[in-house]
Amino acid sequence: MQHLNAAPRLFRRLPSVLLGTALAFGLAACFGSDDKKDDPTPTTGVSDALHFAFKTPDWNRTIDCERLDLPYSTTNGVAFVSATSASTNSTFFLTYPKDSSAMVAAANLRRYPITAFGANTAAFELSHKLPLTDGSSVRLVSQAGQSADAYNEIVNVKYDGRDGNYALFKVKGSYLMQMTEINGNTAAAPRAVSGTFHFRVRTLRR
């Protein structure tokens, strides 16, 4: 399991104790080594299997998240999950409402902004970093924005039981983002990266 070398902007305002917890748990690679190659995104919706999928102009993967069990962490008034795939070196951040009462709102099912990597501040924002190609040292990072070519669409939020003081939810989403190189050809045109996700997350019970 790989970890980030430095805390993204999302964490720079966190107390040191919480930051240590986030790095130890939230950023731990929760993906397994059984990533699936060339597994296309479903055309009729988001898979019921827990996963994170991405497709760039150069490569694509669907990462098995059935064993994903991230702890509840908060920043800037929202909860977040983050993880790094050991086999692809892909890292995502997803923020969402910290309270269960806010998770069930029908208005949640809509499109939200993509943020710069690690800069999430509001619920249901998504950011992402991944290699340019499989095994490349060059990295692509998400550009901030919301448009027809940049969005995180929440398509389903389903209650999935409780765990002590936490309520569990399954969140399905579909996204499209523009990503740019940060340690390669920085003048290269942005690349469109799309995909889907289905995660189990925790919120505080209300």
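Please compute the length gained on full extension between Val104 and Lys170, using 0.36 nm multiplied by the number of residues separating them and subtracting their Cα-Cα distance.
Length gained, Val104 through Lys170: 22.7 nm.
Tell me, what % of the accessible area of the range 120-178 is carbon and sulfur with a 1.4 angstrom probe?
Of all accessible area on the range 120-178, carbon and sulfur atoms account for 41 percent.
Could you report the range 66-167's accessible area per residue, 1.4 Å probe, as an integer in Å²?
Roughly 40 Å² per residue, with all protein chains present.
Local charge sum around Leu204 (other residues, Cβ-Cβ under 9 Å, Lys/Arg +1, Asp/Glu -1)? Walk me through the numbers before you get to the answer.
Working: positive: Lys98, Arg202, Arg205, Arg206; negative: Asp99.
For residues surrounding Leu204, the net value is +3.
If you take every residue apart from Ile182 with its C-beta less than 13 Å away from the C-beta of Ile182, what net charge results, scoring Lys and Arg +1 and Asp and Glu -1?
Within the 13 Å Cβ shell, the charges total +2.
The values are calculated or read from the model by the stated rules, or taken from the named source; none is laboratory data. Nothing here was measured: the structure is a model prediction, and the numbers come from that model. Cβ sites come from the backbone with ideal geometry, for glycine too, and all protein chains shown count toward neighbours. What goes into the accessible areas is simple: the full protein's heavy atoms, side chains included, and nothing from ligands, DNA or RNA. Shrake-Rupley method; radii C 1.70, N 1.55, O 1.52, S 1.80 Å.
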